[in-house]
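Engineer: Supplied in structure tokens, the structure appears directly below.
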Amino acid sequence: MSLFITFEGGEGCGKSTQAHALYRKLRRKNLPAVLTHEPGGTTLGEQIGKMLKRKTENIHPQTELLLFAASRAQLVADVIQPALKEGKIVICDRFSHSTTAYQGYGRELDLATVQMVNNLATQYVKPNIVIFLDLSPEQGLARRGKLLDRFELQELSFHRRVRQGYLKMSAEEPDRWLVVDATLPKKKISEIIWEKVNHLLAEKGYL
Ligand code: TMP
């Protein structure tokens, strides 16, 4: 028994808030939940994440892909796989689909190569459900305010490609993806997510 839930979306979509809310709800129900995030979640991953977000850094797309993969490989081996093996419910704020969306569709790196690198980093661990909070980049970036990191500073066309990438992936695997309109009130979004997760918890034998 195990359940792996990931949250995905563009800038300012509210996924971290929803990931935290879901984690708290599971814990209140005394369910064995673990919350982590990318890039980061390990000491090494946090350092890589800081380098990747620094706006003074000139990072080539290939380097970027490999750094995200390095952070992920460490997180999968140290945190995600052990927790899943112990039967826990793992919630991860971003995972391999972020790499496909940002480095594949956004940076326009070869999608097959991105997939190969993702497989290496994840050791083929896949989320049971990907919760995608969909929002236009205009609305997402407006929510962010002025303190922008290296990704938020990318041109609008980059963010549009990222969103299109997410939409394409969700259409390709509709059973794995829950697409939620991120303009809905926070409470409503939490309810939609809970309905889906509750169903999965029952299916996996946690309830
Ligand atoms: P955050 O805003 O959720 O903390 O994520 C940090 C940034 O890193 C965000 O702009 C998305 C980007 N990112 C990628 O480009 N590729 C990846 O694989 C991951 C995990 C994040």
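The numbers here are math on the coordinates, done by the rules we state, and not lab data. Bear in mind the structure is a predicted one, so any value in this text is a computation, not a measurement. Positions of Cβ are backbone-derived with ideal geometry, glycine not excepted, and every protein chain shown enters the neighbour counts.
Engineer: Give me the Kirkwood hydrodynamic radius of the chain, using the inverse of the mean 1/r over all pairs of distinct Cα atoms, in Å to one decimal.
Structural biologist: 17.2 Å
Engineer: Find out how many positive minus negative residues lie around ARG176, taking Lys and Arg as positive, Asp and Glu as negative, among other residues whose Cβ is under 12 Å from that of ARG176.
Structural biologist: Once positives and negatives cancel, what remains is -2.
Engineer: Please tell me which of these pairs span more than 19 angstrom C-alpha to C-alpha: LYS25/LYS204; LYS25/LYS187; LYS15/LYS186; LYS126/LYS196; LYS88/LYS186?
Structural biologist: LYS88/LYS186
Engineer: Would you please give the residues with an amide H less than 5 Å from that of TRP177, counting only those at least 5 places away or on a separate chain, with H modeled from the backbone geometry?
Structural biologist: VAL130
Engineer: I've got another one for you. Show me, for the stretch 147-152, the HN-Hα J-couplings you get by feeding each phi into the Karplus relation (A = 6.51, B = -1.76, C = 1.60, θ = phi - 60°), rounded to Hz, glycine and proline as x.
Structural biologist: Running phi through 6.51 cos²θ - 1.76 cosθ + 1.60 with θ = phi - 60° gives 7, 9, 8, 4, 7, 5 Hz.
Engineer: Please list 3J(HN,Hα) in residue order for the stretch 130-136, calculated via the Karplus relation 6.51 cos²θ - 1.76 cosθ + 1.60 where θ = phi - 60°; whole Hz, with x for glycine and proline.
Structural biologist: Computed from phi, the couplings for the stretch 130-136 are 10, 9, 9, 8, 8, 8, 5 Hz.
Engineer: According to a simple spin-label model (label point 7 Å from Cα along Cα-to-Cβ), what is the distance in nm between HIS20 and LYS187?
Structural biologist: Using points 7 Å along Cα→Cβ, the separation is 1.9 nm.
Engineer: Cβ neighbours within 10 Å, averaged per peptide: list 91-97, 37-43 in order, most packed at the top.
Structural biologist: 91-97, 37-43
Engineer: What distance in nm separates the two pseudo spin-label positions at GLU195 and LEU153, each 7 Å out from Cα along the beta-carbon direction?
Structural biologist: Label at GLU195, label at LEU153, 4.2 nm between them.
Engineer: For the stretch 60-118, evaluate the Debye formula with one uniform point scatterer on each Cα (no solvent term) and list log10 I(q)/I(0) at q = 0.19, 0.25 Å⁻¹, rounded to two decimals.
Structural biologist: Ignoring solvent entirely, the Cα scatterers give -0.68, -0.97.
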